[in-house]
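The values are calculated or read from the model by the stated rules, or taken from the named source; none is laboratory data. Computed from a predicted structure; not experimentally measured. All Cβ positions, glycine included, derive from the backbone under ideal geometry; neighbour counts span all protein chains shown. The area values use the complete protein model at the heavy-atom level, side chains included, leaving out ligands, DNA and RNA. Shrake-Rupley method; radii C 1.70, N 1.55, O 1.52, S 1.80 Å.
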Amino acid sequence: MEAGEVGGALLFALAAAAALFAAVSTGAVDFSRPLAVGGRLDLQEAISWFVGVLDGSSSSGAGGVSLAEVYELWVRVRGRVIAPALQVAVWACMVMSVMLVVEALYNCVVSLGVKAVGWRPEWRFRWEPLAGGDEEKGGAHYPMVLVQIPMYNELEVYKLSIGAACELQWPKDRIIVQVLDDSTDPFIKNLVELECESWAVKGVNIKYTTRTSRKGFKAGALKKGMECDYAKQCEYVAIFDADFQPEADFLLRTVPFFVHNPQVALVQARWSFVNDTMSLLTRVQKMFFDYHFKVEQEAGSATFSFFSFNGTAGVWRTAAIKEAGGWKDRTTVEDMDLAVRATLKGWKFIYVGDIRVKSELPSTYKAYCRQQFRWSCGGAHLFRKVAKDILTAKDVSLVKKFHMLYSFFLVRRVVAPTVACILYNIIVPISVMIPELYLPVWGIAYIPTVLLVVTAIRHPKNIHILPFWILFESVMTMHRMRAALSGLFELSEFNEWVVTKKTGNNFENNEVPLLQKTRKRLRDRVNFREILFSAFLFFCASYNLVFPGKTSYYFNLYLQGLAFVFLGLNFTGTCSCCQ
């Protein structure tokens, strides 16, 4: 067990202990409150009452069943049946909320610690610039590198990625650019091939590869690319999606980590975005991805040398890919799958946040939803596939196994989307009609506040976007929970792959480029799930406004309902008023 793993385990234990101490010292945690509320409900009496209602013989006088009797029965059923059932769900959500806040605090503490001390990967892994060769004339000291660019009908961005890859600084005889084109449009296919030929004329060693079918999607394309004879001669492989544009010195900054550290399998760079200020939608997405890279990836790399490969903007050691079993298409997150299998073989990963690769954020709400559904569904599905393998792995320490199973998979892929949707989008709205239901204030107020502070600490420049981010994430939890459950239980759509539509980065006058307009049906213009959910939230908010009861959530519920309406109508703030 390495020092980083020991330190990570101690920090996690301290975060958990701090959360427990805070709960006990403030008296916030009180599980002694009884689940059963209300008076005793006699089932036989209730059945007799309903029979009396149906045949008109109920003992309510000539006028039939009175409203008072109906309300009295509703109160008793609510108190003895509905409230206890929901109370169990509440306590389950409280447990999951504590798991989530401990995980977030741990990652934040590690991330802030890394920033405070100025920690860099070079402190843990040796890095020296490559020497002994001229990158223009060629040199034997430079290892062979394969650059793979998988693409599928990428009309808007194919030139960007191919051009950036062909301009990488590396000896011309020691690099091969491989374009893996799965395009089904003959026109686009021809354009990509012509682009490859034009770079070949300029002296670039570029290969154009196609397949007869899209079996395995991206994983299938990458697997076929690695089977080529010239690919087998390469020690390292850099992977860039079609909209990614690495800087010219990308390989010069990443490959030395491999050369001087034979135990390293992956070097992952950070993403930057060319359209992050073009709309409210892209600004909110940037907050999501910044948290992922600044906090989750940084914490995983600094402590356990494990995190998820992001599928692009990274370099792999080909020996590690081979030892891990190569690319597999058993899930829609082939990148995460390979990362887990390589880790179980004892390989280590490095995240270098100083290296950034330009890319593009989804410019439409539906495109972002499809992307998030695939990632959330694939992660939960992979958890189902590899849990046993992680438990039985021999080359991984017990601490790292716990980190992978508990933190990386259970909390982030299953607990986070589930508790966020069930607690705040379902239980809290329903609670306004169930006054017997007990919602502890520490669970619905303190924990969300802590999570908000943790997020804001790492995004000080975007604090004015936080209210929109909260409402946006409230809607997205519905999609992520549905995706996580689909992947975990292999429900419908668990293995679907829809390529995210790109627009390119040639923006002019700070306007969002529009995708080609097509005639859309009503169901394509309106997101009915969001609209129906908004109706539910508006109903609960209005009920709470008319009948305040013990709690008043109507202001928050109205805001949530508006967020669902706006996204249901595909309004994502495409104006530049927030710039």
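Structural remarks
- Accessible surface computed residue by residue for the chain, with neighbouring protein chains in place and a 1.4 Å probe, gives 46 Å² per residue.
- Volume of the convex hull of the stretch 396-476 (Cα atoms only), normalised per residue: 131 Å³.
- Contour minus Cα-Cα distance for ALA3 and PHE21 (0.36 nm per residue): 3.8 nm
- Contact order normalised by residue count of the stretch 136-256, Cα under 8 Å, 6+ apart, percent: 41 percent
- By the rule of a C-alpha distance below 28 Å, with chain neighbours fewer than 8 residues away ignored, the lysines paired with LYS394 are LYS223, LYS322, LYS328, LYS345, LYS348, LYS385.
- Averaging the sequence gap over all C-alpha pairs within less than 8 Å and six or more residues apart, then dividing by the number of residues, gives the stretch 332-479 a relative contact order of 29 percent.
- Protection proxy ranking of 208-219, 534-545 - average other beta-carbon atoms within 10 Å, highest first: 534-545, 208-219
- With a Förster radius of 25 Å applied to the beta-carbon distance between ARG525 and GLU496, the computed FRET efficiency rounds to 0.70.
- Surface composition of the stretch 395-511: carbon plus sulfur atoms hold 65% of the accessible area, using a 1.4 angstrom probe and ignoring ligands, DNA and RNA.
- In terms of overall dimensions, the C-alpha atoms belonging to the chain reach 102, 58, 42 Å along their principal axes, ordered largest to smallest.
- Beta bridges per DSSP with both ends in the chain, % antiparallel, nearest 5: 25 percent
- Expected-Rg normalisation [2.2 N^0.38 Å, Cα atoms] applied to the stretch 79-165: 2.18
- Each Lys or Arg adds one and each Asp or Glu subtracts one; over the other residues with Cβ under 10 Å from the Cβ of CYS196, this totals -3.
- Over the chain: helical MRE at 222 nm, DSSP H runs n ≥ 4 each giving -39500 (n - 2.57), nearest 500: -15500 deg cm²/dmol
- Projecting the Cα atoms of THR303, MET94, GLN233 onto the charge dipole of the chain, computed from C-beta unit charges around the Cα centre, puts MET94 farthest toward the positive end.
- Those lysines that a straight Cα-Cα span of less than 21 Å connects to LYS502, excepting residues fewer than 8 apart in one chain: LYS159, LYS189, LYS218, LYS286, LYS358, LYS366, LYS517, LYS520
- Stretched out straight at 0.36 nm per residue, the stretch from LEU10 to LYS328 would grow longer than its current Cα-Cα span by 111.0 nm.
- Highest average packing first - 444-453, 303-312, 560-569, Cβ atoms within 10 Å: 303-312, 560-569, 444-453
- Ligands, DNA and RNA left out, the accessible area of the stretch 64-174 computed with a 1.4 Å probe is 62% carbon and sulfur.
- Rg/Rh (Cα only; Kirkwood hydrodynamic radius) as it applies to the stretch 194-333: 0.97
- P(r), alpha carbons of the stretch 278-416 - 5 Å bins starting at zero, rounded %: 2, 9, 18, 23, 22, 15, 7, 3, 1, 0
- For the stretch 336-464, fraction of C-alpha pairs farther apart than 22 Å, in %: 59 percent
- Amide H to amide H, with H built 1.01 Å from N, PHE273 comes under 5 Å of SER359, counting only residues 5 or more places away or on other chains.
- Distance between the stretch 352-389 and the stretch 211-288 - C-alpha centres, whole angstrom: 14 Å
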